[in-house]
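Peer 1: Take this structure first; my questions come after.
Bear in mind these aren't lab numbers, they're just calculated from the coordinates by the rules spelled out. Fair warning: this is a prediction, and the values are worked out from it, not measured in the lab. Please note: Cβ atoms are built from the backbone with ideal geometry, for glycine as well, and neighbour counts cover all protein chains shown.
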Amino acid sequence: MLSWSDSALTLVQRLQKDLIVSCQAPAESPMHHPAVIAAMAQAAINQGAVGVRLDTPTHVQAVRRQIDAPIIGLWKQQIPGFDVYITPQFVQAQAIAQAGADIIAIDATLRDRPDGETVASLIARIHHELGKPVMADVDTLEAAIAAAQAGADIVGTTLYGYTAATQHQTPPGFELLTQMISAIDVPIICEGGIASPQMARQAMDFGAYAVVVGTAITGVDLQVKAYKTAIQIGVNAGQVLAEVLAKKAVAEGDRADSLRYRFALFETEDQSYRRYINAKLDQFSESCAEVEPFFTAAARQTQKPLEILLLDEQQTILGGLIGSTSCWNWLLIDFLWVHEAHRYQGYGRQLIELAEQEAKKRGCVFARLGTFSFQARGFYEKLGYQVVAQWDDYPPGQTQYWLKKPLS
């Protein structure tokens, strides 16, 4: 007979290297009806999805009647005075479990929680009182590490870009995904912002245990709104900057067609356009024979994250270096931080040296980093880095520097 932990492991393994579809809809939408959600879930499973992710006990119960595939259940609840909302308390987890969910998803960010409960205590209660594995939805690497230490069976990038700590970021959190895979041993699921089959494949290539896709598959309301907005963009007078006439020669004749082009200015970010332009730029790079070997999918996969943390005996993060090594034999250092109480004790230098040592093992011959005039240019220069470029008055009154160091 399998123990609870063995059965939980078997359940989680059913998700490995596959697609999970999030079947959710806004509460005000007609798509929110349990029968519609159940139809979405059944259609997803019929087409090969390995599991579904659902909100509310009513939806979990409706779907459970129709499918045997794993259900990741959650219950979004707004608690006054608290920002956590994905199954924030044990009472919601209990209701979701009783409705038939196989895995309970919870908000495992580092934000304050109601009732004084911690992520660790909530996970423990779900394990021992409900007998269910837990998916921890996080937003940062620090939260992911804490969730894994608290006993989460799965950790997802679900809340990247949706919290105050990450509001300046836009999902999908591929960088966070790779950092989490390097830092913790539990299965990592990529969720949030996966807008195409190609992006889902990319998440898998980065090492995701599984991928959750929601709006791009089941989000009828948001998808229609996005298409409607895109169609209307450019016809509003405030968004059109200029119109020009151009003639396009037709290869199979002497006729020329007059085409009307518009320049549209956007004041809000739309990741679909960013991804489109980026994909086209990648296509151009791959078409250049002299650099094509460095822009193939296989070459990009050789880029590896490199993260080193400074921890105390309680596993509190006191400092760290975040970067990566590229297929071009470069060490890229993105962030270096040491807690103010532990600065000027050599920890920053040791973090740099450890990163350089690992980079050499990976075949890197150069290192690169950036800093500002109010930061640590002198510190880096003492370690052998040389300024190769600078941007004056960026930000105003300051200078940004880019530094390079040979690792031979």
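Peer 1: Roughly what % of Cα-Cα distances in region 1-150 sit above 29 Å, to the whole percent?
Peer 2: 15
Peer 1: Can you tell me the length gained on complete extension of the stretch Ala165 to His128, counting 0.36 nm per residue apart and subtracting the Cα distance?
Peer 2: Stretched out fully, the Ala165 to His128 stretch lengthens by 10.2 nm.
Peer 1: Shifting gears a bit: Quick one: if you stick a label point 7 Å off each Cα along the C-beta vector at Asp393 and Ala43, how many nm between them?
Peer 2: Going from the Asp393 label point to the Ala43 one covers 5.6 nm.
Peer 1: When you count, for each residue, the other Cβ atoms within 10 Å and take the mean per peptide, how do 186-192, 310-316, 90-96, 355-361 rank with the highest first? Walk me through the intermediate numbers first.
Peer 2: Values: 186-192: 25.0, 310-316: 10.3, 90-96: 20.7, 355-361: 16.7.
Ranked from most to least packed, the peptides come out as 186-192, 90-96, 355-361, 310-316.
Peer 1: Obtain the radius of gyration and the Kirkwood radius of region 78-125 from its C-alpha atoms and give Rg over Rh.
Peer 2: Taking Rh as the inverse mean 1/r over Cα pairs, Rg/Rh reads 0.94.
Peer 1: For Asp102, what charge total do you get from the other residues with a beta carbon under 14 Å from its beta carbon, if Lys and Arg give +1 and Asp and Glu give -1?
Peer 2: Here the charged neighbours net out to +2.
Peer 1: Determine, for each peptide in 70-80, 51-61, 122-132, the mean count of other beta carbons within 10 angstrom over its residues, then list the peptides with the highest first.
Peer 2: With the highest mean Cβ count within 10 Å placed first, the list reads 51-61, 70-80, 122-132.
Peer 1: Let me ask something else. Can you give the extra length, in nm with one decimal, that the chain gains between Glu313 and Gln375 once fully stretched, where that is 0.36 nm per residue apart less the Cα-Cα distance?
Peer 2: Difference between extended and current length: 19.4 nm.
Peer 1: Considering only Cα-Cα distances, which of the following residue pairs are longer than 22 Å: Lys361/Lys404; Lys280/Lys304; Lys280/Lys405; Lys17/Lys360; Lys304/Lys361; Lys360/Lys404?
Peer 2: Lys280/Lys304; Lys280/Lys405; Lys17/Lys360
Peer 1: How big is D, in µm² s⁻¹, for region 292-408 by Stokes-Einstein at 25 °C and 0.890 mPa s if Rh is the Kirkwood radius over C-alpha pairs?
Peer 2: 161
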